[in-house]
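Undergrad: Here's a structure for you.
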Amino acid sequence: MMNESFLDRMVSQLRSTCKCTYTHHLDKVLEEAAATFYPHIKFVRVECPKYPGFCLTRQRNEYPFVEVFYNPEQSVDPNITKYSVKVLPFNYDQSVYGFREYFKKHGFKYSETN
């Protein structure tokens, strides 16, 4: 039987501990915000234990965290698979209201569906 690698043990530990009350709250907020701002703004939840490479490149110590990937020049060409995006820190209230205020401040174009 093979020994479990350090990374496997770390991922297993993260999976068992990351579903705290705050994470559950954030999940609900993101679901509501996604419904509110769809289709103009999309929300994606990345589970760091499943995608550790992505999360490690973000160089964040706390989990969960929110970042905004923004491309002000949206492409309509479906053949384009790479985009140049700005990564903006999100340090507003984590609610639909907070997202709305953040989007206004940074000039995001959207319309609300609710």
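Undergrad: Give the range 65-87 a look and list any residue that's of a type in the set (A, V, I, L, M, F, W, C) and modelled with pLDDT under 80, or say none. Break it down stepwise before answering.
TA: From the range 65-87, those of a type in the set (A, V, I, L, M, F, W, C) are 65-66, 68-69, 76, 80, 85, 87; that's our starting set.
Result: 65, 69, 76, 80, 85, 87.
Undergrad: Can you tell which of 4, 62 is loosely packed, with under 13 Cβ neighbours inside 10 Å, over 11 Å from the mean Cα position of the chain (by Cα), assigned to a loop (DSSP other than H, G, I, E, B) and at pLDDT 65 or above?
TA: Details: 4 fails: at pLDDT 65 or above.
So the residue among 4, 62 that is loosely packed, with under 13 Cβ neighbours inside 10 Å, over 11 Å from the mean Cα position of the chain (by Cα), assigned to a loop (DSSP other than H, G, I, E, B) and at pLDDT 65 or above is 62.
Undergrad: Would you mention how many residues in the range 102-114 are free of Cβ contacts under 8 Å to residues at least 12 places away in the same chain and surrounded by 13 or more Cβ atoms within 10 Å (Cβ to Cβ)? Walk me through it before giving the result.
TA: Of the residues in the range 102-114, the ones free of Cβ contacts under 8 Å to residues at least 12 places away in the same chain are 104-105.
Narrowing the set further to residues that are surrounded by 13 or more Cβ atoms within 10 Å (Cβ to Cβ) leaves none.
Qualifying residue count, the range 102-114: 0.
Undergrad: Can you tell me which residues in the range 9-56 are at pLDDT below 70, loosely packed, with under 15 Cβ neighbours inside 10 Å and over 27 Å from residue 96 (Cβ atoms)?
TA: 9, 10, 12, 13, 15, 16, 17
The values are calculated or read from the model by the stated rules, or taken from the named source; none is laboratory data. Keep in mind it's a predicted model, so treat the numbers as computed, not measured. Cβ sites come from the backbone with ideal geometry, for glycine too, and all protein chains shown count toward neighbours.
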